[in-house]
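Below you'll find the structure, written out as structure tokens, and then a few comments.
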Amino acid sequence: MFVIAILLVIAAVVLFFVGRANDSTGLKFGALGAVLAGVFSLIVSMTYVISAYEVGVPVAFGKVGSPMTSGMHVKSPFTDVTTFSTRPVDLNLSDKDVVEVRSSQGGVMYAEVTVKWAVVPAKSVELYKLAGSEDAIQQRLVYPDSREIVRNVFARYTSEQGYASDREKINAEIGALIKERLVPRGIDVTTVNLRNVKPSDSLQGQIDRKIQQQQSTERALEAARTAKAESDRRRIEAEGIARANKILNDSLTDKVLMNQCIDAFKEAAAKNPIYTVPCANGGSAPVIVDGSKR
């Protein structure tokens, strides 16, 4: 706009002198219009509007000025302003940018992470000196640092912890380290979300084999527990029978056997004519003979 303003002023001067020489009122009015347009262009070139949720960094002749907040600002026509959005920006490390990580055991996994970051207005000048533009901030600072931290954190955990048991702990650790790295540079990290962790094909095969081995071990342990329980049951049953037999054997004295023999004779004699061999003859059991059958 400043160049246009200069050209319009030059055109106004030329039109004025030509109109004066030719005594042309139209050219004089044309010169006046060119002057007004030049002045307007000059004013426009010296003002700059910073939108809401933006911060501007002015640069004049290679010198960086103070940050410009939202609103209208007066600047030199030779000053260029680079703006940065202060709204949070999402960096999605997924698809072609997915982070390939290795566990402490060497297993390969693929981590999908979203980092939500924003420019701190007070640090915009430092960020301009480091990167130069908003896209450069993400590509030169947020992107490489986030990938490096994600890989370093996963390297401290086993494969099982990485894709299953300690996902929340790993996510919190990644977020804390990214903030620690980027906040001093003027980048406010609002959220870090570990969305997904996918094992590589080789690691998935190892996981499947481990699961099968665990299932086989559990089945073997269950079979061993069942066999032991059955063995204990049989042992207890055998011990009970042995104790009962011992008790019975200890209780069968000669007098007891004689009494039982006499009772049996009495019961048989009440029903049928009988004769008998005397009880405990020669130490053997008595013989009862039914006399009705001759």
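Identify all residues within the range 77-135 that are under 30 Å from ALA60 (Cβ atoms) and in a strand (DSSP E or B); write none if there are none. Break it down into steps so the answer makes sense when it comes.
Applying the first criterion (under 30 Å from ALA60 (Cβ atoms)) to the range 77-135 yields 77-87, 89, 117-135.
Listed by number, the residues that qualify are THR79, ASP80, VAL81, THR82, THR83, PHE84, SER85, VAL89, TRP117, ALA118, VAL119.
Restrict the check to the range 136-144 and report whether at least one residue is assigned to a helix (DSSP H, G or I), out of contact with any strand residue (DSSP E or B) (no Cβ under 9 Å at 6 or more places or on another chain) and within 23 Å of SER200 (Cβ to Cβ). Scanning the range 136-144 turns up at least one residue that is assigned to a helix (DSSP H, G or I), out of contact with any strand residue (DSSP E or B) (no Cβ under 9 Å at 6 or more places or on another chain) and within 23 Å of SER200 (Cβ to Cβ). Residue count for the range 51-70, restricted to those that are touching a residue at least 12 places away in the same chain (Cβ under 8 Å) and part of a loop (DSSP other than H, G, I, E, B): 9. Only one of the numbered conditions (1) surrounded by 16 or more Cβ atoms within 10 Å (Cβ to Cβ); (2) not in a helix (DSSP H, G or I) is violated by ILE178, and that is (2).
Close contacts from the range 135-157, counting a first residue that is among the small types (Gly, Ala, Ser) and a second that is in a helix (DSSP H, G or I), with Cβ to Cβ under 8 Å and a gap of 6+ residues or different chains, come to SER146/ILE178. Considering only the range 186-204, I want to know if a residue exists there that is in contact with a helix residue (DSSP H, G or I) (Cβ under 9 Å, 6 or more places away or on another chain), assigned to a strand (DSSP E or B) and modelled with pLDDT under 75. Within the range 186-204, none of the residues are in contact with a helix residue (DSSP H, G or I) (Cβ under 9 Å, 6 or more places away or on another chain), assigned to a strand (DSSP E or B) and modelled with pLDDT under 75.
Within 15 Å of the chain's Cα centre (by Cα), of a type outside the set (Lys, Arg), closer than 28 Å to ARG87 by Cα and in a helix (DSSP H, G or I): is that true of GLY162 in this structure? No: the conditions fail for GLY162.
The values are calculated or read from the model by the stated rules, or taken from the named source; none is laboratory data. What you are looking at is a predicted structure, and each value in this text was computed from that prediction instead of being measured. Ideal geometry is used to build each Cβ from the backbone, glycine not excepted, and the neighbour counts take in all protein chains shown.
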